[in-house]
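I have placed the structure first, in the form of structure tokens, so that the comments after it can refer back to it.
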Amino acid sequence: MHIRKNDRVKILAGVDSVKEPSRVVKVMRQKGLAIVQGRNMVWKHLRRSQDYPHGARIQKEAPIPMSRLMVVCESCNKPTRVKLQVLEKTKQRICGKCKKPLGGEK
């Protein structure tokens, strides 16, 4: 996957596409979705319970398809495609524009 937890990402489509880049909170690889901090907010209606005796409406982040996200490079500060570079026995993600490492080796 080209997106990992704690990456800064830019949303390419939708209402939040005009906002500044934000951090990835969770990645769901099998479903191809990611949750981005403070983006794609939805209202969740809760039933009455001991915690919420009158019920509640809470706002939470909904998953976004990874095809709508692009990683923002830390060094050039631009949305970029992710390239993989193999060094000996490790894979390293590099920026497609400035060719510098994106952080976090695998």
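Computed from the coordinates by the stated procedures, all read-outs in this text should not be read as laboratory data. Keep in mind that this is a model prediction, so the values were computed, not measured. Here the Cβ positions follow ideal geometry from the backbone for every residue, glycine too, while neighbour counts run over all protein chains shown.
Brief remarks on what is shown
- Matching strands (runs of 3 or more DSSP E) fully within segment 10-68 where at least 3 residues are in contact with a Leu (Cβ under 9 Å, 6 or more places away or on another chain) and more than 26 Å from Lys78 (Cβ to Cβ): 56-61
- Condition met for Arg29 (out of contact with any Phe, Trp or Tyr (no Cβ under 8 Å at 6 or more places or on another chain) and either surrounded by 12 or more Cβ atoms within 10 Å (Cβ to Cβ) or farther than 17 Å from His2 by Cα (or both)): no
- Every residue from segment 55-90 that is farther than 16 Å from Pro21 by Cβ and touching an Asp or Glu at 6+ places or on another chain (Cβ under 7 Å): Thr90
Condition check ((1) aliphatic (A, V, I, L, M); (2) out of contact with any Lys or Arg (no Cβ under 6 Å at 6 or more places or on another chain)) across all residues:
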site	(1), (2)
Ser22	no, no
Gln30	no, yes
Gly38	no, yes
His45	no, no
Ser49	no, yes
Tyr52	no, yes
Met70	yes, no
Lys91	no, no
Lys100	no, yes
